[in-house]
Structures are given as C-alpha cells and as structure tokens.
1. Looking only at the stretch 52-67, decide whether some residue is open to solvent by 80 Å² or more (accessible area, probe 1.4 Å), of a type outside the set (Ser, Thr, Tyr) and in contact with an Asp or Glu (Cβ under 9 Å, 6 or more places away or on another chain).
2. It is to be established whether one or more residues within the stretch 90-100 are among the hydrophobic types (A, V, I, L, M, F, W, C) and at pLDDT 90 or above.
3. Of all residues in the stretch 1-16, count the ones that are of a type in the set (Lys, Arg) and in a helix (DSSP H, G or I).
4. Collect the residues in the stretch 43-63 that are in a strand (DSSP E or B) and of a type in the set (A, V, I, L, M, F, W, C), keeping them in residue-number order.
5. I want to confirm something. Restricting to the stretch 3-16 and keeping residues that are touching a residue at least 40 places away in the same chain (Cβ under 8 Å) and open to solvent by 50 Å² or more (accessible area, probe 1.4 Å), which single residue is nearest to residue 106 (Cα to Cα)?
6. Considering only residues that are part of a helix (DSSP H, G or I), in contact (Cβ under 8 Å) with a residue 40 or more places away in the chain and open to solvent by 30 Å² or more (accessible area, probe 1.4 Å), which ones fall in the stretch 69-108?
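The values are calculated or read from the model by the stated rules, or taken from the named source; none is laboratory data. Note that the structure is a prediction, hence the values are computed from the model and not measured. FYI the Cβ positions are ideal-geometry reconstructions off the backbone, even for glycines, and counts take in every protein chain you see. Side chains included, ligands, DNA and RNA excluded: accessible areas come from the protein's heavy atoms. Shrake-Rupley method; radii C 1.70, N 1.55, O 1.52, S 1.80 Å.
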Amino acid sequence: MTKETFSKSERIRKKRDFLAIQRWGLRLHSRHFTLLYHRNQLGLSRLGITASRKVGSAVRRNRIKRLLREFFRLNKSSLKCAEDILLIVRKGIANLTYHEVKGELEELLRNRIDAR
C-alpha cells in the first residue's frame, strides 16, 4: 500500500525554485492550466501552484489549489521520475468540478510523457 500524504518535502515553497522551473522547465498548455516541469535531483516529485487574482477571490483560488493538491496526492505514484511540477491556473476555472480538473490534468500529464 502506498503512502497517500502530501508532505512539505513534496511542495515547492521557495521563490528560487519557482523561478528555476519557469526559466528551465518545459511547458504544456491546456484550457485552464499551464504545466511546467523540470527534472530535479531530490529523488521525489514536487508540486507548486500559482493562481493569480485574475482567477477569482481568495476563496475560489484556495478551492482550486485544494483540488490540484488532492489530484497530485492521489496520483503521485504514477509520476515515475523525480520532477518539479508547476501548475499555473488560468482564468475561468472557478466553477470546475474535481472530475473536470482530473480529466484535464491527466491529459496534460499524458502529453508530458509523449513530449519527451
């Protein structure tokens, strides 16, 4: 049985890490997200989320971030290599359900594997 937690070590928390991914990471786009990913030397995948005020109020931004963290928590075992993943949320996402978010992210992750 795999551990399904989302610990602090699996989060991107420092500004320099966010900037490094933006500078050297590969980008994929979908309707509601921009996915940036870059290999790391840590031995585990980490997630960072960016949602500007254009997305909506703080309540809506936090709800979307919770959905994204939940998706990552449940699907991190499918990420084979150690990567830093940055999700940038676009406008118009506020009313999506978890299943809509899940479908869009699964498609992005499939495209990430094909892009290599």
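1. The answer is no, given that none of the residues of the stretch 52-67 is open to solvent by 80 Å² or more (accessible area, probe 1.4 Å), of a type outside the set (Ser, Thr, Tyr) and in contact with an Asp or Glu (Cβ under 9 Å, 6 or more places away or on another chain).
2. no
3. Residues meeting the conditions: 3.
4. Within the stretch 43-63, 47, 49, 51 qualify.
5. So the residue we want is 4.
6. Residues satisfying the conditions are 69, 73, 74, 76, 77, 104, 107.
Here is a yes/no grid of residues against (1) surrounded by 13 or more Cβ atoms within 10 Å (Cβ to Cβ); (2) assigned to a strand (DSSP E or B):
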| position | (1), (2) |
| --- | --- |
| 18 | yes, no |
| 22 | yes, no |
| 35 | yes, yes |
| 41 | no, no |
